[in-house]
Amino acid sequence: MVVLGVDTSNYATSVAVVDTGRREVVCAKKQPLSVPEGQAGLRQSDALFQHTVALPGLFAEMEKEGVLQGIEAVSVSEKPRPQECSYMPCFLAGVNAAAAVSAGLGCPLSRTTHQQGHLAAAMFASGRVDLYGEEEFFIFHFSGGTTELLRARGFSRVEVIGESLDLYAGQAVDRLGLRLGFPFPAGEKVSHLAAQCAEPVVPKLSMQGGNCHLSGLQNQCETLLKKGKDPAYVAKYCLLAIAGTALEMLAFARNTYGPLPVLCAGGVMGSRLIQTHMRQRAEDVHFVPPAYSSDNAVGVAFIAEGEAPHA
């Protein structure tokens, strides 16, 4: 089945066409939202406007490339998480566009969530075919709007078993980046800077069972900068604090539920420093490639009609 996926998160407008029968990504396009200089994010009204403007252009590009021919179903993320209270206005842009395309083509429309799209994309990209059935696994979703460890079966049965009780991991990284003069989002710049520090770093962690506190991390980074610590050291401190926190969450989860395999998704998990630190200290941990780890419509498309994504 050829499926058009649409995802309008608070960070990027994304559309994709996948062939679920051939387990192939036919086309994927993404347009990051524009954040004014010095700001750490967007108001929902601004995000909604940018998505509304961007979607016709992305569809026009796909039509020009001929990838919209033969669409048999449309899938869209309608909210951030698979929870009743989960809601963000920016997803209305994607829902409205997807509904219009579905009605125009006379094909079915599937509604899912942004987080489940991350999960499905991670399953596809990992190549772990053993996770497509009833096998349980853990998945980290660390981004600017989420810091959670989930226990999952497939992409439809998801349970939060650990989370940040205050600041999100992506917020900590972006706020440090803005403090250092980088544009938002600052994750790539912070990671590059951190790689320049060869000095050992042992960050302080704040855990509460399987949950964590990251608000103190922002204060720790500010204190280090005020004491004259090199920015590269502070960047490394921030990222290793996030990696160490993830490892503590994972240890708690494995002690509770057993040694399940782990997938890592979300833009924060794209940091090479975080990946190296976690791989050296935990087994059976798999990171999603950058093309599928950050916000995208690929996983959303694979969810259509209950299709399980296979690499």
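Suppose we filter the stretch 96-130 for residues that are farther than 24 Å from Gly145 by Cβ and among the hydroxyl-bearing types (Ser, Thr, Tyr); how many remain? The total comes to 1. Return the residue satisfying two criteria in turn: it lies in the stretch 185-215 and is part of a helix (DSSP H, G or I) and of a type in the set (A, V, I, L, M), and of such residues it is most open to solvent (accessible area, probe 1.4 Å). If we take residues in the stretch 185-215 being part of a helix (DSSP H, G or I) and of a type in the set (A, V, I, L, M), then Leu193 is most open to solvent (accessible area, probe 1.4 Å). Residue pairs whose Cβ atoms lie under 7 Å apart, sitting 6 or more positions apart in sequence or on different chains, and linking a residue in the stretch 8-33 that is more than 14 Å from Gly117 (Cβ to Cβ) to a partner that is at pLDDT below 95 and open to solvent by 70 Å² or more (accessible area, probe 1.4 Å), are Arg23/Ala311; Pro32/Tyr11; Leu33/Tyr11.
Taken together, the residues in the stretch 106-116 that are outside any strand (DSSP E or B), under 22 Å from Arg22 (Cα atoms) and open to solvent by 20 Å² or more (accessible area, probe 1.4 Å) amount to 2. The set of residues in the stretch 216-235 being buried (at least 24 other Cβ atoms within 10 Å of the Cβ) and within 16 Å of Gly181 (Cα to Cα) consists of Cys221, Val234, Ala235. In the set (1) under 27 Å from Gly106 (Cα atoms); (2) touching a Ser or Thr at 6+ places or on another chain (Cβ under 9 Å); (3) open to solvent by 60 Å² or more (accessible area, probe 1.4 Å), the condition left unmet by Ala54 is number (3).
Here the stretch 32-51 is the region considered, the condition is being outside any helix (DSSP H, G or I) and over 20 Å from the mean Cα position of the chain (by Cα), and the residue that is surrounded by the most Cβ atoms within 10 Å (Cβ to Cβ) is Gln39.
Residues in the stretch 278-299 that are surrounded by fewer than 24 Cβ atoms within 10 Å (Cβ to Cβ) and at pLDDT 90 or above: 10 in all. Could you please find all residues in the stretch 257-309 being without any contact (Cβ under 8 Å) to a residue 40 or more places away in the chain, in contact with a strand residue (DSSP E or B) (Cβ under 8 Å, 6 or more places away or on another chain) and in a loop (DSSP other than H, G, I, E, B)? Selection gives Ala282, Asp284. Considering only residues of the stretch 9-23 that are within 19 Å of Ala93 (Cβ to Cβ) and part of a loop (DSSP other than H, G, I, E, B), which is least open to solvent (accessible area, probe 1.4 Å)? Result: Ser9. Among the residues making up the stretch 172-181, a single one is open to solvent by less than 50 Å² (accessible area, probe 1.4 Å) and either among the aromatic types (Phe, Trp, Tyr) or assigned to a loop (DSSP other than H, G, I, E, B) (or both): Leu180. Condition check: in contact (Cβ under 8 Å) with a residue 12 or more places away in the chain, among the polar types (S, T, N, Q), part of a loop (DSSP other than H, G, I, E, B) and open to solvent by less than 40 Å² (accessible area, probe 1.4 Å). Does Ser86 satisfy that? Here the answer is yes, as Ser86 does meet what is asked. With respect to being in contact (Cβ under 8 Å) with a residue 12 or more places away in the chain, under 18 Å from Met269 (Cα atoms) and in contact with a Cys (Cβ under 9 Å, 6 or more places away or on another chain), Val160 falls outside the description. So how many residues does the stretch 58-83 have that are free of Cβ contacts under 8 Å to residues at least 12 places away in the same chain and either basic (Lys, Arg) or open to solvent by less than 80 Å² (accessible area, probe 1.4 Å) (or both)? Adding up the residues that qualify gives 4.
Looking only at the stretch 265-277, filter to residues that are of a type outside the set (Gly, Ala, Ser) and in contact with a Gly (Cβ under 9 Å, 6 or more places away or on another chain); which one of those is least open to solvent (accessible area, probe 1.4 Å)? Taking the candidates together, the pick is Val268.
The values are calculated or read from the model by the stated rules, or taken from the named source; none is laboratory data. All values reported here derive from a predicted model rather than from experimental measurement. For neighbour counting, all protein chains shown are included, and Cβ atoms are generated from backbone atoms with ideal geometry for every residue, glycine included. SASA here: full protein model, heavy atoms, side chains in, ligands and nucleic acids out. Shrake-Rupley method; radii C 1.70, N 1.55, O 1.52, S 1.80 Å.
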